[in-house]
Amino acid sequence: MKITTIGEILIDMTQCGVDENGVIRFAANPGGAPANVAVAASRLGCSTAFVGCVGKDTFGNILRDTLVANNVDVSGLQTTDRSGTTLAVVTVDRTGERTFSFMRKPGADTCIDSEKAVESVKNADILHFGSVSLTDCYCRSAIHSAIKEARKNGAIITYDPNYRSSLWEKEEYAMYHMREVLELCDIIKISDEETELLTGKKDPKEAARVLVEQGLKIVLVTLGADGAYFRTQNLEGTVPGFKVKVADTNGAGDTFFGAFLSRIAVRGGIENITEDELKSYVRFANRAASLTSSRPGAIPAMPSLKEVTEAL
């Protein structure tokens, strides 16, 4: 099965220390959650494609080259001269946790052409998207059209809300648009910080129950160092995480989801999935995410299939 991801691709200007004068240094790392997921799954042995938009500039060229170098199909990657490639400034605290600010008014990632996007997802077996692309009305329309096209053609639709408060004018808008697409999805991955925003429930298990009742087939809730919780209509469980020295959590959640989806793709879908399979796939995803967390950067830190397999 081929995994196609759609949405933002950008440059993460990530804090990487200070110089002798105390001036903060930044590294220009390729990123954007859907692009990260495509690379993570590709490194883990899957066929992947990315649909999105970059500017006609050096950063756009870097991002395209990064995807190509990681064996991601870029036939759906658009370019625009309406705006430069989007930048996200990522500062990292002493525990490795991140804070984001975006240079995106507008940014090239919001300029996805709807007709081209629809054409690019026609052959998707799994179509993955996130909520950052839902923050802009032009881009949101393209994402909705692409999802509906992929669903019509039988694709599994997967969703990571990936809430970034600075990109939403009001929290109420975020809640509306992030919840609006739930009925279109089969698999969702949320963090323990997003449960209440998506469902009105703080408790991860209660939030997962609500989402399953709304029609989601598989709900994954990442719990940081505590691992991840999964729920389907008939199954549920918690799979412990792996302890590592955290260098940078940027990209860890995307690695987790890319890894999980890679196992679904190898399996050939989610029909009649068992508890043992879900536990195995979540454990695999936990391990992949822990390896990413142990290294700086998002895409540069993502592990290969051999690394994950040997570390299990």
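Among the conditions (1) more than 27 Å from Ile9 (Cβ to Cβ); (2) without any contact (Cβ under 8 Å) to a residue 60 or more places away in the chain; (3) surrounded by 14 or more Cβ atoms within 10 Å (Cβ to Cβ), Leu278 misses just one, which is (2).
Residue by residue, here is whether (1) in contact (Cβ under 8 Å) with a residue 40 or more places away in the chain; (2) closer than 17 Å to Phe230 by Cα; (3) aromatic (Phe, Trp, Tyr); (4) buried (at least 19 other Cβ atoms within 10 Å of the Cβ) holds:
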residue	(1), (2), (3), (4)
Ala150	yes, no, no, yes
Pro161	no, yes, no, yes
Glu171	no, no, no, no
Glu193	no, yes, no, no
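What about Gly215, is it touching a Leu at 6+ places or on another chain (Cβ under 8 Å) and either of a type outside the set (D, E, K, R) or farther than 15 Å from Ile126 by Cβ (or both)? Talk me through it step by step, then tell me what you get.
Values: touching a Leu at 6+ places or on another chain (Cβ under 8 Å): yes; either of a type outside the set (D, E, K, R) or farther than 15 Å from Ile126 by Cβ (or both): yes.
The answer is yes for Gly215.
Selection of region 66-98 for residues being in contact with a strand residue (DSSP E or B) (Cβ under 9 Å, 6 or more places away or on another chain) and of a type in the set (Asp, Glu) yields Asp73, Asp81, Asp93. Screening Leu216, Leu211 for residues that are within 26 Å of Ala265 (Cα to Cα) and either under 16 Å from the mean Cα position of the chain (by Cα) or not in a helix (DSSP H, G or I) (or both) leaves exactly one candidate, Leu216.
Residues in region 92-112 that are small (Gly, Ala, Ser) and under 13 Å from Cys53 (Cα atoms): Gly107, Ala108.
Within region 233-247, the set of residues being buried (at least 18 other Cβ atoms within 10 Å of the Cβ) and in contact with a strand residue (DSSP E or B) (Cβ under 6 Å, 6 or more places away or on another chain) comprises just one member, Val239. Taking region 1-98 and the strands (runs of 3 or more DSSP E) fully enclosed by it, the elements with 2 or more residues that are buried (at least 23 other Cβ atoms within 10 Å of the Cβ), modelled with pLDDT of 95 or more and under 14 Å from the mean Cα position of the chain (by Cα) are at 2-6, 47-55.
Quick grid of which residues meet (1) of a type in the set (Gly, Ala, Ser); (2) closer than 25 Å to Ser141 by Cα; (3) at pLDDT 90 or above; (4) not in a loop (DSSP other than H, G, I, E, B):
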position: Met178; (1), (2), (3), (4): no, yes, yes, yes
position: Gly237; (1), (2), (3), (4): yes, no, yes, yes
position: Phe242; (1), (2), (3), (4): no, no, yes, no
position: Val246; (1), (2), (3), (4): no, no, no, no
position: Ser262; (1), (2), (3), (4): yes, no, yes, yes
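The values are calculated or read from the model by the stated rules, or taken from the named source; none is laboratory data. All values reported here derive from a predicted model rather than from experimental measurement. Cβ coordinates were reconstructed from backbone atoms using ideal geometry, including for glycine residues, and neighbour counts include every protein chain displayed.
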